[in-house]
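Since the structure comes first, as structure tokens, the remarks are kept for the end.
The values are calculated or read from the model by the stated rules, or taken from the named source; none is laboratory data. No experiment lies behind these values; they were computed from the predicted model shown. Here the Cβ positions follow ideal geometry from the backbone for every residue, glycine too, while neighbour counts run over all protein chains shown. The accessibility values were calculated without ligands, DNA or RNA, using every heavy atom of the protein model including side chains. Shrake-Rupley method; radii C 1.70, N 1.55, O 1.52, S 1.80 Å.
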Amino acid sequence: MEQEGSSWKRTLWVMAAVQCIMMMAFTSSGPFLALYIHELGIEDWGQVAIWAGIVSSCNFLLAAIVSPLWGSLGDRKGRKLMVLRTTFAISFFMVLMGLAQSVWHLLITRTIQGIFSGFTASANALVATVIPEERLGYALGWLASAGMFGTLIGPLLGGVLVDLVHSYRIAFFLTGGFAMLGFLVTLFLVKERFEPPAQEAKKKASILEQFRAVKEMKGVRTMFVVLFLAQFSVMSVLPVLPVYMKELTGLEYLGLLAGFATAATGLADLIASPFLGKKSDKIGYRKVLTICMTGAALMYLPQAFAPNVWVFIAARFGLGLFIGGIMPTANALVGRLAPKEHRGKVYGFSASAMLLGSFAGPLLGGLGSAYFGIRVMLGLTCVLYLLNMIWVRMKVVEPGA
């Protein structure tokens, strides 16, 4: 139900704060996953790359399967409830990961976490149902910008703590604490005036019926490919980047340096996201996606050929300037193409596309990095962004076109 006046702005800024907190949570432990796997007893760095890909991707497969169900439940019961569910679950399971005694414990816990994942889809659905249509790109741009501010701070805090304690477990406990803070902020500060549509209240649609309903939205369907490829590309090499940085530096403990590399991307994203989100409302979503995907592709080339870690970090900063516009613009376009009463459902399916990309990306990226080298995978990621740009130019339509 649409709120008026300053009410939608209050919801936006509170959810932006929650987004910031949750991205602090995700990134405070994310850069150190491969190094944590090494600490858990996997000695060979080639095997570490493979395990990092498997552990990074396992939860996303289950999340992709259940995400439409959570989206549909959000349409019937409220989107705030879905945000509360996922923030609490992330907090609980991250603490368990920090207590893992073997890589198998880590794998099992992260897999189970996938059933309760879906924060981004829940947050997008909540915000998209209260924001005026003509401000959707602006709002999701600020949401992404807040997330990138969290991305900037999270890895730095995690890196400092890791280097002080000389254990990567502390990063997972920090993640759990941030996620619990996100839960509490949502619980006490987010106000949702939610009334389920009468037809939805009377009958719960099966997953097949939901799929058929979304299938009829042709414009939305094409965006699933965009979201899958975008997430596949960004996640394909992310888990093994600390291993790459170890090759470039030769250092054993990379807590602060790995955190700095992630923060550099977050800082650039923070700068670019509000500008690109606002521009997409004015000059068109396809144009912004084209520019961002082309720029992101070019930024992977200096990473692939980096002679030292500083060139690599500079390229990661350049990458952030462009990827900051991809997801908020794509999600704003999905929201504009979907009926408001079905946005929870639609964002659930779009989240599935992204989660499948998050599942396949690290898995194939880890295997490819182990057998062909990380530099080769960085080059292939450049190609993937270009292919996604071509798909946007050929298939994606503007709202009302």
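Scanning the range 307-319 for residues that are under 23 Å from Trp142 (Cα atoms) and surrounded by fewer than 22 Cβ atoms within 10 Å (Cβ to Cβ) yields Phe317, Gly318. Within the range 37-55, one or more residues are under 18 Å from Met354 (Cβ atoms) and either open to solvent by 30 Å² or more (accessible area, probe 1.4 Å) or touching a residue at least 60 places away in the same chain (Cβ under 8 Å) (or both). Filtering Leu355, Leu364 for residues that are part of a helix (DSSP H, G or I) and modelled with pLDDT of 80 or more leaves a single hit, Leu364. Here Val95, Val14, Val18 are screened, and the one residue that is part of a helix (DSSP H, G or I), open to solvent by less than 10 Å² (accessible area, probe 1.4 Å) and among the β-branched types (Val, Ile, Thr) is Val18.
Summed over the range 148-168, the residues that are loosely packed, with under 15 Cβ neighbours inside 10 Å and under 24 Å from the mean Cα position of the chain (by Cα) give a count of 1. For Leu152, state whether it is without any contact (Cβ under 8 Å) to a residue 60 or more places away in the chain, more than 25 Å from Thr109 (Cα to Cα) and part of a helix (DSSP H, G or I). No; evaluated as a whole, the condition is false for this residue. Residue selection: Thr111 fails the criterion of being crowded, with 24+ Cβ neighbours inside 10 Å and either closer than 26 Å to Phe260 by Cα or touching a helix residue (DSSP H, G or I) at 6+ places or on another chain (Cβ under 9 Å) (or both). Right, Gly373: in contact (Cβ under 8 Å) with a residue 40 or more places away in the chain and of a type in the set (Gly, Ala, Ser) or not? No; evaluated as a whole, the condition is false for this residue. Scanning the range 217-267 for residues that are among the aliphatic types (A, V, I, L, M) and either modelled with pLDDT of 85 or more or in contact with a strand residue (DSSP E or B) (Cβ under 8 Å, 6 or more places away or on another chain) (or both) yields Met223, Val225, Val226, Leu227, Leu229, Ala230. Within the range 126-138, being within 10 Å of Asn331 (Cβ to Cβ) and modelled with pLDDT of 75 or more holds for one residue alone: Val127. When you check Phe322 against the structure, is it open to solvent by 50 Å² or more (accessible area, probe 1.4 Å) and aromatic (Phe, Trp, Tyr), yes or no? So Phe322 passes the test. Taken as a whole, the structure places Leu187 among residues that are open to solvent by 50 Å² or more (accessible area, probe 1.4 Å) and either at pLDDT 80 or above or among the polar types (S, T, N, Q) (or both).
No other residue among Ser102, Ser28, Ser91, Ser67 is among the small types (Gly, Ala, Ser) and under 18 Å from Leu189 (Cβ atoms) apart from Ser91.
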